Amino acid sequence: MPRPFPGLLLLLWPLLLLPPPAASGLPARPGFWRLVPRGPLGSPGRRSAPAAPSGAPTLGPGQPGGARGAGVCKSRPLDLVFIIDSSRSVRPLEFTKVKTFVSQIIDTLDIGPADTRVAVVNYASTVKIEFHLNTHSDKQSLKQAVARITPLSTGTMSGLAIQTAMDEAFTVEAGARVPSYNIPKVAIIVTDGRPQDQVNEVAARARASGIELYAVGVDRADMESLKVIASEPLDEHVFYVETYGVIEKLSSRFQETFCALDPCMLGTHQCQHVCVSDGEGKHHCECSQGYSLNADGKTCSAIDKCALNTHGCEHICVNERTGSYHCECYEGYTLNEDRKTCSAQDQCAFGTHGCQHICVNDRPGSHHCECYQGYTLNEDNKTCSVRNRCALGTHGCQHLCVSDGAASYHCECYPGFTLNEDKKTCSAIEEARRLISTETACGCEATLAFQDKVSSYLQRLNTKLDDILEKLQANEYGQIHR
């Protein structure tokens, strides 16, 4: 088919860049480049965004509402093979546009051994694999390799190109992932003419082998051939542009086609605690520490860690409302620095026992209260009440203290002594009598001598008694404070 007159092409160029007419909402030509969003994140080309209203202008890269922003839209891992027509009908400048189109799509993908791998098959009447899926693992080297591709410039053997891609490019040896990895195999064929060989059967075999085929027609491309090549549904896999000058705009459409929306970033996940992206638009919910995921796969419930017996508390495990726990100790013990084990307290040494008189340790962490001599322990087992005032040692009796009850007493004297008028001190009786019987009671001198001698004896006796009383009191005080 002859090419349009160059001058006419220049006149029609602005019209070719216009979007499809808004009135009908249909392309100006059947199969004109139009991407319809598919269901939620299935095979490549599916998105969960709503379709644009009928007749809405198509959007290119850089226009508001075009490709999804980074972090929300992440390309799915693919084994992607470009099959590009470089026959004589594709002029050098037009072939450069095709390479730019391929590079722009590469820019929208996550490239890497675990992400998308890219190969290019160049064809005319012959087929050349420019590089395999495992040749380049980064965008820069991929785009440099694309830029070095040169046209073959003869014929249009589309069927042979698809067969070569299926036999040589989509193999494990060439870098394709094994089927168990569930990585989609996708081919994008770009042509501007009618195939010069049979494509029906080879395209059917490619689709049956699991390869998803997209067909992009330019200028004189045969629409029926594109439909025979492409996968179903056709309105999602067949694209047409009038010239190579606008083919670059399809790159944004393929970006949306290969986009996997991240519900964790969009905030549509409904996870109560944590949303985890699994890639390819999938996600799962997890719970914060101390919680477990409920059967609905979204909400969380606090784990009773104490009931699980994995808490490590030596004495007592106490659940907290946050799903966590803490350890406590029995009375008389303190929690160690590890916040799990316990050590016995010496409450008597700490002064926290509450005993009024005496604290006695029984065993680690245990004690009881006792009272001083002359006191009895009250029912609270801590305080004491007077039981015998004589035992307190504060009675003041010179010889003997006799208890008359809980708070009463009287003093008595040892044998041979008599209680003085103060009811506390005592005087000797027998010594005084003996002195009186042996002394001459006649005469003043005898009387004075007798009185002096009696006084002397009494003083010595009192001194001895004082010594004895001091020893007795010291002995009683020692018993009380033992």
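Counting only residues that are basic (Lys, Arg) and under 25 Å from Ile468 (Cα atoms), the stretch 354-413 holds 1 of them. Glu224 - would you say it is among the acidic types (Asp, Glu) and either touching a helix residue (DSSP H, G or I) at 6+ places or on another chain (Cβ under 6 Å) or within 20 Å of Pro92 (Cα to Cα) (or both)? So Glu224 does not fit the description; no.
Could you list all residues from the stretch 315-330 that are assigned to a loop (DSSP other than H, G, I, E, B) and either touching a Leu at 6+ places or on another chain (Cβ under 8 Å) or surrounded by 18 or more Cβ atoms within 10 Å (Cβ to Cβ) (or both)?
Of everything in the stretch 315-330, those that are assigned to a loop (DSSP other than H, G, I, E, B) and either touching a Leu at 6+ places or on another chain (Cβ under 8 Å) or surrounded by 18 or more Cβ atoms within 10 Å (Cβ to Cβ) (or both) turn out to be Gly323, Cys329.
When you scan the stretch 210-221, do you find a residue that is at pLDDT 90 or above, hydroxyl-bearing (Ser, Thr, Tyr) and more than 43 Å from the chain's Cα centre (by Cα), even just one? No, because not a single residue in the stretch 210-221 is at pLDDT 90 or above, hydroxyl-bearing (Ser, Thr, Tyr) and more than 43 Å from the chain's Cα centre (by Cα). Please find, among Gly297, Gly267, the residue that is free of Cβ contacts under 8 Å to residues at least 60 places away in the same chain and open to solvent by 40 Å² or more (accessible area, probe 1.4 Å). Exactly one residue qualifies, and that residue is Gly267. Annotation: Thr243 fulfils all but one of (1) at pLDDT 95 or above; (2) closer than 25 Å to Lys97 by Cα; the unmet one is (1).
Under the condition of being among the acidic types (Asp, Glu) and modelled with pLDDT of 85 or more, the residues counted in the stretch 301-330 number 2. The residues listed here are Gly405, Gly396; of these, the one that is outside any strand (DSSP E or B) and touching a residue at least 24 places away in the same chain (Cβ under 8 Å) is Gly396. Among the residues making up the stretch 212-269, those that are outside any loop (DSSP other than H, G, I, E, B) and basic (Lys, Arg) are Lys227, Lys249, Arg253. Scanning the stretch 331-383 for residues that are more than 30 Å from Thr310 (Cβ to Cβ), basic (Lys, Arg) and modelled with pLDDT of 80 or more returns a single hit, Lys382.
Scanning the stretch 130-148 for residues that are surrounded by 20 or more Cβ atoms within 10 Å (Cβ to Cβ) and among the β-branched types (Val, Ile, Thr) gives a single hit, Val146.
Asp107 meets each of the listed conditions (1) touching a strand residue (DSSP E or B) at 6+ places or on another chain (Cβ under 6 Å); (2) closer than 15 Å to Lys139 by Cβ apart from (1). The set of residues from the stretch 287-312 being touching a Leu at 6+ places or on another chain (Cβ under 9 Å) and part of a loop (DSSP other than H, G, I, E, B) comprises Cys287, Thr299. Scan the stretch 331-345 for residues that are in contact (Cβ under 8 Å) with a residue 12 or more places away in the chain, open to solvent by less than 80 Å² (accessible area, probe 1.4 Å) and within 31 Å of the chain's Cα centre (by Cα) and the total you get is 3. Within the stretch 270-286, the only residue that satisfies the criterion of being in a loop (DSSP other than H, G, I, E, B), at pLDDT below 80 and open to solvent by 40 Å² or more (accessible area, probe 1.4 Å) is Glu280. Take Cys348 and decide whether it is open to solvent by less than 80 Å² (accessible area, probe 1.4 Å) and part of a helix (DSSP H, G or I). Spelling it out, Cys348 is indeed open to solvent by less than 80 Å² (accessible area, probe 1.4 Å) and part of a helix (DSSP H, G or I).
Summed over the stretch 78-125, the residues that are touching a Leu at 6+ places or on another chain (Cβ under 7 Å), hydroxyl-bearing (Ser, Thr, Tyr) and within 22 Å of Gln255 (Cβ to Cβ) give a count of 1. Against the definition (touching a strand residue (DSSP E or B) at 6+ places or on another chain (Cβ under 7 Å) and modelled with pLDDT of 80 or more), how does Thr425 come out, yes or no? In short, no.
What about Ile229, is it among the β-branched types (Val, Ile, Thr), modelled with pLDDT of 90 or more and crowded, with 20+ Cβ neighbours inside 10 Å? Yes, satisfied.
Taking (1) within 19 Å of the chain's Cα centre (by Cα); (2) over 30 Å from Ile106 (Cα atoms) in turn, Ala307 satisfies each apart from (1). When we screen Leu435, Leu392 for residues that are among the hydrophobic types (A, V, I, L, M, F, W, C), surrounded by 12 or more Cβ atoms within 10 Å (Cβ to Cβ), modelled with pLDDT under 80 and under 30 Å from Gln356 (Cβ atoms), the only hit is Leu392.
The values are calculated or read from the model by the stated rules, or taken from the named source; none is laboratory data. Keep in mind that this is a model prediction, so the values were computed, not measured. Quick reminder, even Gly has a Cβ in these numbers, built from the backbone with ideal geometry, and neighbours come from all protein chains shown. Each accessible area value is taken on the protein alone, full model and side chains, heavy atoms only, with ligands, DNA and RNA left out. Shrake-Rupley method; radii C 1.70, N 1.55, O 1.52, S 1.80 Å.
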